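Trainee: Shown below is the structure under consideration.
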Amino acid sequence: MKIDTNKRRLVLLISIVIVAISGSLFASSNIEIVAAKGQFQFPFFDTKTPVWQYNNQIPGPIIRAKEGSILTVNFANQLDEPTTIHWHGLRIDNAMDGVPGVTQEAIQPGDKFIYRLGLEEAGTYWYHPHFNNSEQLERGLKGVLIVEEKEVQPWSKELILLMDDWRLQKDGTIYPKFNTPSDLMHDGRWGNVPTINGEVKPDFLVNPGERIRLRLINGANARVFLPNFDGISAEIIAVDGRPVSKVFPLTKFYLSPGNRIDLDVTIPKDAGGKTFILEDRFPRNKYLLATLTVSNEPTVLPPTFTPQTAEEFIPAKIFDNVAISKTWDLNAFRGGKLGIGWGMNKQLWPESDRADLQLGQPQKVVFQNSSGRLHPMHIHGVFFRVLERNGEPAVEQFTRDTVLVGPKETVVIGLVPEHRGIWVTHCHILEHAEAGMMTAIAINGQDQNKKGNGP
């Protein structure tokens, strides 16, 4: 995909950087994002597909900013319906979280909104609407946000892969019925065309010896990916934006909607001319997602360094004597605005069973899945560590903001709220969320672990 500077709406204080997606916005202070209708060319059709886009591209532009900086996003809604932008994974001021009816009013057609984001933590994040989610994301509204470390690591190359899928009709248009009974009774809307950065089975050129930071983001409505490299090893160095406690190999990591992983991949020195396959092993029949083709250029000397880890970030030991603060039972029942409701403790958003948690204090929360379907549960404004699965210790060597809760599975997580406000938690199968599987957590009080905290 080529950059078309005549069609891109950018402000002056942005430089354009080509990574794996078509374009990046490196934000020194301000950027502009416009949501509008447009068209996109898939390889299967003679005509272009009507889509909804950020800055006239699929996916939206990569936003790049530095850890510790303030990013100002001047957003304009040129759609025919309201929308917002949620900054998935960022721990920011609650008023900037982008949830209509909770942190802001929905942005009406023709209106604008300014998001000011204090970027406290480096990592891989993404942005998308939080209004009419199941349709607006499916029609194309999503993009990647990279918060770069203050100390730059000497990677040979970085590749960013935004994973998605589309449900396309034979005429090339997006299937226009959303939140169907079939979607709601099952694991949401799964498309028939998986893509990487809007492309079908793209190929990325790499060189022998290169050490590559590979960022994978699942931006699909409902599809779960099980990424696997054939013939090359990869190590997971970050999950959902945060460095892991201990680096571990990519063997069987379920990348559910909303999840991200950062991989450390070194191309073998003798691999010139070879092709390595990235495939999805979640379906019964594995599926080719993308390829890495190794050039015949001279071997590059791999940089030697140790990726950052975060062993003491929300360590499991701090929850040893902590009682359960909240349990949410996840299940479906008849009723609600769509005829089938997905509830948390048998209640549907916005009349939901909410939680009140104390700022700065370790908390345990339980997701108890009484249904036979998948539920990737996402909590805004916090990171958490999985502690137990089905009553057995299952401490993960990383933290998350989204955890996949399997059929009839119970997951216990530990978190320490650090930002006041009303933060929603919901299933990131967007059809389930639209059917009511969402609630809110109020974070209140004085952080007893810090002195001089303001109100």
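Trainee: Which of the residue pairs Lys252/Lys317; Lys246/Lys317; Lys201/Lys274 have a Cα-Cα distance greater than 19 Å in the structure shown?
Mentor: Distance filter (> 19 Å) returns Lys252/Lys317.
Trainee: If you build the Cα gyration tensor of the range 84-176 and take the root of 5 times each eigenvalue, what three semi-axes come out, in whole angstrom, biggest first?
Mentor: 27, 23, 9
Trainee: At a Cα cut-off below 18 Å, give the aspartates and glutamates reachable from Lys177, other chains included and same-chain residues fewer than 8 away excluded.
Mentor: Asp80, Glu81, Glu135, Glu138, Asp165, Asp187, Glu431, Glu434
Trainee: While we're here: If only Cα atoms are counted, what is the Rg of the range 157-294, and what is its Dmax, in Å?
Mentor: Spelled out, the Cα radius of gyration and Dmax of the range 157-294 are 16.0, 52 Å.
Trainee: Which of the trypsin sites (Lys or Arg not before Pro) found in the range 286-342 are loop residues per DSSP with 15 or fewer other Cβ atoms within 10 Å of their Cβ?
Mentor: Taking the range 286-342 and a limit of 15 other Cβ atoms within 10 Å, the loop trypsin sites (Lys or Arg not before Pro) found are Lys286, Lys337.
Trainee: Using helices alone, I'd like the mean residue ellipticity at 222 nm for the chain: each DSSP H run of four-plus residues gives -39500 (n - 2.57), total over residue count, nearest 500.
Mentor: Using -39500 (n - 2.57) per qualifying helix, the result is -500 deg cm²/dmol.
Trainee: Just how far, in whole angstrom, is the range 250-292 from the range 337-410 if you go by their alpha carbon centroids?
Mentor: One Cα centre to the other: 28 Å.
Trainee: Kindly provide log₁₀ I(q)/I(0) values, in the same order as q = 0.06 Å⁻¹, from the Debye equation applied to equal alpha-carbon scatterers of the chain.
Mentor: Debye curve over Cα of the chain, log10 I(q)/I(0) at q = 0.06 Å⁻¹: -0.24.
Trainee: Have a look at the DSSP beta bridges in the chain and tell me what percent are antiparallel, nearest 5.
Mentor: The answer is about 70 percent antiparallel.
Trainee: Enumerate by residue number the GluC sites (Glu not before Pro) in the range 143-236 meeting two conditions: DSSP loop (anything except H, G, I, E, B), and at most 12 other Cβ atoms within 10 Å of the site's Cβ.
Mentor: Glu151
Trainee: Contour minus end-to-end for Tyr254 and Val152, with contour as 0.36 nm per residue of separation and end-to-end as the Cα-Cα distance?
Mentor: Length gained, Tyr254 through Val152: 33.9 nm.
Every number in this text was worked out from the coordinates using simple rules, so none of it is lab data. Note that this is a predicted model, so its numbers are computed, not measured. Note that we place each Cβ from the backbone using ideal geometry, even for glycine, and neighbour counts take in every protein chain shown.
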